[in-house]
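A short worksheet on the structure shown next.
Please treat every number below as a calculation from the coordinates, not as lab data. Please read these numbers as outputs of a predicted model, since none were measured by experiment. Cβ placement follows ideal geometry from the backbone for every residue including glycine, while neighbour counts extend to all protein chains displayed.
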Amino acid sequence: MTKYTFTEKKDTRSGFGDGLLEAGKRNENVVALCADLTGSLKMNAFQDAFPDRFIQAGIAEANMMGTAAGLTIGGKIPFAGTFAEFASGRVYDQVRQSICYSAKNVKIAASHAGVTLGEDGATHQTMEDLALMKTLPGMTVINPCDYNQTKAATIAAAEYQGPVYLRFGRPKVPVFTPENQTFIIGEAVMLSEGTDVSIFATGHLVWKALEACEILESKGISAEIINIHTIKPLDKNAILASVKKTGAVVSAEEHLINGGLGDSIAQLLAREFPAPQEYVAMDDTFGQSGTSDQLLAEYGMDVSDIVAAAKKVIARK
């Protein structure tokens, strides 16, 4: 297996903030809107550098999405930022009707996703946003894994034509992907090759999958780890190539078991190459207040859960 190390931990929301600033420097048409969460989404640097290209929308998320859609008519590239719960559930109608239906070039910046939002509790912990967004026709859905990849994904989203849902989070997580990388939308990243089981992970669970890989190796199990940073469009070729080699699948995501990455993979396999699959995801429930680590462990999305899923699915071959 390929060994990965890290020297620091940073939150992915900071990767978004730095990526937004860089995108703004590269293209004067990049503008930003925020629903009264500028500091939380690390959009301060963009606001300071380009005050005439920043709109404070206030706690009016639906209005912000409509404004963002309108800005595209004049050639602007708007990033509309708020918490993922509000960026998906609260504004679903506006995103569907004003953005996706007419293919507006809006980038939805969805921060504080998943249970790792932590102590803010269930009302703010969206675990169904990937399901909501991936079902919208024309929507691209991106869920990067660390600071560097989130920064690169933000820059790539600015250069991409069409609606994008960019998901990132609050906790500080290991930074292990290359600095100044090129992010290719829809192209999965092979992190470690293996022969016994394919582990497809996204977002914060990518590092957890790498930790699980080391444990599995110590038990004589060769796991292949693939970072699925783009939920839609899904890299079907990379997934099928891996599964045809290993014959067993684990999907790992900080999302409900229904409607997320695991479901997209299962649909693909059902059509193209049926294989046993285990899900590492949150069951049909809401979250609660707690630390990021406590909640991932409580709801079955920790390293030990990935290890257990890998062993279980290998036994089903």
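General remarks:
- Cα gyration tensor shape for the chain, rounded if a/c is under 1.5, else prolate or oblate: prolate
- Cβ-derived FRET efficiency at R0 35 Å, Asp48 paired with Glu119, nearest 0.05: 0.75
- Max mean-square fluctuation residue, GNM over the chain, Cα-Cα springs under 10 Å, options Glu28, Glu253, Glu128: Glu28
- With a cut-off of 10 Å between beta carbons, the residues surrounding Asp305 carry a summed charge of -1, where Lys and Arg count +1 and Asp and Glu -1.
- Distance from region 233-299 to region 37-89 (C-alpha centre basis), Å: 31
- Label separation (Gln97 vs Lys317): 5.2 nm, computed from points 7 Å beyond Cα along the C-beta direction.
- Fully extending the segment from Gln181 to Ser218, taken as 0.36 nm per residue of separation minus the present Cα-Cα distance, adds 10.2 nm.
- Between the residues Ala275, Ile225, Ile314, the greatest Cα displacement towards the positive end of the dipole of region 189-315, with unit charges on the Cβ of Lys, Arg, Asp and Glu, is found for Ala275.
- Nearest-0.05 FRET efficiency for Ile73 and Ser40, computed from C-beta distance (R0 30 Å): 0.55
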